[in-house]
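Here's the structure we're looking at; comments come further down.
The values are calculated or read from the model by the stated rules, or taken from the named source; none is laboratory data. A quick note: this is a predicted structure, and the numbers were derived from the prediction, not measured. Here the Cβ is made from the backbone with ideal geometry for all residues, glycine too, and neighbour counts use every protein chain on show. These area figures cover heavy atoms from the full protein model, side chains too; ligands, DNA and RNA do not enter into them. Shrake-Rupley method; radii C 1.70, N 1.55, O 1.52, S 1.80 Å.
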Amino acid sequence: SSEDREQYDVVVVGGGPGGSTLAALVAMRGHRVLILEKETFPRYQIGESLLPSTIHGVCRMTGVAEKLAAAGFTPKKGGTFRWGANPEPWTFSFSVSPKIAGATSHAYQVERSKFDTILLEHAVEKGAEVRFLASVSDVLEDGERVTGVRYTDAAGTEHEVRATYVVDASGNGSRLHKRVGGTREYSQFFRSLALFGYFEGGKRLPAPNAGNILSVAFESGWFWYIPLTPDLTSVGAVVRRENADRIQGDPERALMALIDECPLIKEHLSDATRVTEGQYGQLRVRKDYSYHQTTFWRPGLVLIGDAACFVDPVFSSGVHLATYSALLAARSISSSLAGIVSEEAAFTEFEARYRREYGVFYEFLMSFYDMHVDEDSYFWSAKKVTHNQHTELESFVELVAGVSSSEFDLDGAESAALRMKSKSAEFVSAIDEMSTDAEGNMTPLFRSSAVRQAMQEGAQVQSRAFLGEDLGPDVPMFPGGLITSDDGMLWQPGPA
Ligand code: FAD
C-alpha cells in the first residue's frame, strides 16, 4: 500500500519515558518523528520513584516539567533507609547538595500510568505522531544501515516505515535490541527477583520525610515502600536469586510471609489493606537482573533506556537512565541530521556519556550491597566512584539524584545556561515590543534589521555577563569529545 512507503526522520519504538522524551526533543528541532507503541495508554508500568535529574533537568528541557508540577504527584525530598550496619533508619535529603538546592531539591513518586501518559501526550504536542497497538517485529536494513521498521497493527496487518534513525526504546522485554549487534551481558552480581503489590492506608514517615522512598533491608533481600498518593502505597520485596523459592507458589502468601520477616514494613502496613482491583489489583513478579548491551548503536539504530541497559532498582535510576539516554541520543540524532558533527562522533559521544552514568550507578551499588558497613562508608564510596570534589555526603546525594555528571547542575552551570537563554529571550521580546507601535508597525529606528540585531546581540552579551560567573566554559566530558550547545539540544565540536 502507499502507506508502506512512509518515510520519517526518526521512528521511536516504545512510548515509555525514554521514547517519549526522545521524540519530544527531536520533534522540537523540527524533525518528523513517529512513535510506535504496542499497548494503548494509559498502561501499567513499574518504576515509580523518580530522581531530580529527570524532573528538573530533562523534563524542563522538553517543557513537560510544568505539567508534571501541576499533576499532583507526591513530592519526594529524599530517601529513608534501614540499610547496612546501622540498626536505625537514616535519611538523606536532596537539598544537602548545592547543585540541587532550593526549588529543584525534590523529585516525585508517580503512578507510571499517569506519568507516562503525560510525557507521551507532551511529545505529541511538540509535534511527534504516535500509533498505539503498533507492535514492531523487526528492523529493515540496507547493508550495514538500519533504514526502518516492520510493525503489526491492531488488525494484524503488517506495515513498513522507513526512517533515517530508528530508536529502540522498547524496554526490557522486547527482542529488538539484538539487531544492534553485540550481546546483552547479564551481571553476575545483581540478580534478584521482585514481588510487588499495592496497599491502601499504609503509614507515612513523619514530616518532612512523608514523601520519601523507604527502603528496608532484611534477611532475604530488601523492601521498597513508595507513597504514591496519601492513601496508596507501592510495596515490593526484592529477593536475591538464591532465595527465589521465597516468592514461588501463592504470591499473596509469599508477600505476607516476607512482610512478616521485616518489622519496619510490617509496622507501616499494620492498618493497611491490599488493593485487589483495577491496575493495582494483582501481585506481580519481575526479574530485575542487571544487564547491558555490549554496543548501544549501529548506523541508523540506537538503543536507549531499558532496551540498552538496566541496573538494580534500589536507587530508582531506571527512569533517570531512560530519560538521560534519551537526551544524549536526541542530541546525536539532531546534530547528525543537521550535519553539525559526524554520525560516528555524535553516537560515540552518546555511548560514552551513557556508559559513564550507568557505570557510576553500577559501581556504587556494588558497595551499597555490603551490609557490614554503615552509611558513612556508602557516602565515601560515592565520592570515590564519581571523583567528586564535594563532601562525601554531597557526593552520595549527587550520585543518587542523577546529577553526578556535569550535565545537570540544576542550579549551577546548565541551569545558568538555560536561565540565560530565557533572559535573552525576554530581552529580545522586549526589543520586539519597543520596535513596533500600537498598530504593530515597525517604528523608524528599528526598520533597520542591523539595529535590531545589534540590540539583540547586546541583550545576549548582557545576560551572559549577568550570569557569567556560574556559566563557566563547557569542556568535553572525554578528551577529544564533543561539547553541548547552550540550549543543551545539540552536540558541538570540542575546542580544537
Ligand atoms: P518502558 O517504560 O518499559 O517502556 C517501553 C515501552 O515500549 C512500553 O510502553 C512497551 O509497551 C513498548 N514496547 C515494547 N515492545 C514493543 C514493540 N515491539 N513495539 C512497540 N512498542 C513496544 N525505575 C525508576 O526510575 N524508579 C523505580 O523506583 C524503579 N523501580 C523498579 C522496580 C523493579 C522491580 C524493576 C524491575 C524496575 C524498576 N525501575 C525503576 C526501572 C523502570 O521500570 C525502567 O527503567 C523504566 O520503565 C524504563 O523506561 P523505558 O522508557 O526504557 O521503557
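What are the residues in region 154-176 that are within 11 Å of the ligand (Cβ to nearest atom) and outside any strand (DSSP E or B), if any? So that I can check it myself, show each step before the final result.
Applying the first criterion (within 11 Å of the ligand (Cβ to nearest atom)) to region 154-176 yields 167-176.
Ala169, Ser170, Gly171, Asn172, Gly173, Ser174, Arg175, Leu176, listed by residue number.
Considering region 244-263 alone, what residues qualify as being more than 16 Å from the ligand (Cβ to nearest atom) and either at pLDDT below 95 or farther than 17 Å from Gly201 by Cβ (or both)? If you could, list the steps in order and put the result at the bottom.
As a first pass, look at region 244-263 and keep what is more than 16 Å from the ligand (Cβ to nearest atom): 245, 248-250, 252-253, 256-257, 259-263.
Listed by number, the residues that qualify are Asp245, Gln248, Gly249, Asp250, Glu252, Arg253, Ala257, Asp260, Glu261, Cys262, Pro263.
For every residue, the table says whether it meets (1) more than 9 Å from the ligand (Cβ to nearest atom); (2) assigned to a helix (DSSP H, G or I).
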residue	(1), (2)
Ile265	yes, yes
Asp271	yes, no
Gln279	yes, yes
Thr295	yes, no
Val302	yes, no
Val319	no, yes
Self-check item: Residues satisfying the stated conditions in region 35-55, i.e. out of contact with any strand residue (DSSP E or B) (no Cβ under 6 Å at 6 or more places or on another chain) and either basic (Lys, Arg) or surrounded by fewer than 24 Cβ atoms within 10 Å (Cβ to Cβ) (or both)
Solution: Glu39, Thr40, Phe41, Pro42, Arg43, Tyr44, Gln45, Ile46, Gly47
Quiz item: Arg241: within 13 Å of the ligand (Cβ to nearest atom) and more than 23 Å from the chain's Cα centre (by Cα), yes or no?
Solution: no
Quiz item: Is there a residue being open to solvent by 40 Å² or more (accessible area, probe 1.4 Å) and among the basic types (Lys, Arg) anywhere in region 105-112?
Solution: no
Practice problem: Kindly check whether there is at least one residue in region 255-262 that is open to solvent by 10 Å² or more (accessible area, probe 1.4 Å) and either in a loop (DSSP other than H, G, I, E, B) or among the basic types (Lys, Arg) (or both). | Solution: no
Practice problem: Could you please let me know if Val285 is open to solvent by 10 Å² or more (accessible area, probe 1.4 Å) and either assigned to a loop (DSSP other than H, G, I, E, B) or within 11 Å of the ligand (Cβ to nearest atom) (or both)? | Solution: yes
Exercise. With the checklist (1) touching a strand residue (DSSP E or B) at 6+ places or on another chain (Cβ under 9 Å); (2) surrounded by fewer than 15 Cβ atoms within 10 Å (Cβ to Cβ); (3) assigned to a helix (DSSP H, G or I) in hand, flag the one item Thr229 doesn't pass.
Key: (3)
Exercise. Identify, by number, the condition in (1) in contact (Cβ under 8 Å) with a residue 12 or more places away in the chain; (2) assigned to a helix (DSSP H, G or I) that Val235 doesn't meet.
Key: (2)
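Return the total of residues in region 29-57 being hydrophobic (A, V, I, L, M, F, W, C) and under 29 Å from Ala154 (Cα atoms). Steps first, please.
Our first condition is that a residue be hydrophobic (A, V, I, L, M, F, W, C); within region 29-57, this holds for 33-36, 41, 46, 50-51, 55.
Keeping just the survivors that are under 29 Å from Ala154 (Cα atoms) gives 33-36, 41, 46.
Residues that pass the stated criteria total 6.
In region 23-81, which residue that is of a type in the set (S, T, N, Q) and part of a strand (DSSP E or B) is nearest to Glu407 (Cα to Cα)? Explain how you work it out, then say what you get.
Narrowing region 23-81 to residues of a type in the set (S, T, N, Q): 40, 45, 49, 53-54, 62, 74, 80.
Subsequent filtering for residues that are part of a strand (DSSP E or B) retains 49, 74, 80.
Values: Ser49: 21, Thr74: 25, Thr80: 26 Å.
Here the residue is Ser49.
Quick one: would you say Gly148 is open to solvent by less than 70 Å² (accessible area, probe 1.4 Å), within 14 Å of the ligand (Cβ to nearest atom) and in a strand (DSSP E or B)?
Details: open to solvent by less than 70 Å² (accessible area, probe 1.4 Å): yes; within 14 Å of the ligand (Cβ to nearest atom): yes; in a strand (DSSP E or B): yes.
Here the answer is yes, as Gly148 does meet what is asked.
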Quiz item: Name the residues in region 200-220 that are assigned to a strand (DSSP E or B), open to solvent by less than 10 Å² (accessible area, probe 1.4 Å) and more than 11 Å from the ligand (Cβ to nearest atom), would you?
Solution: Leu214, Val216
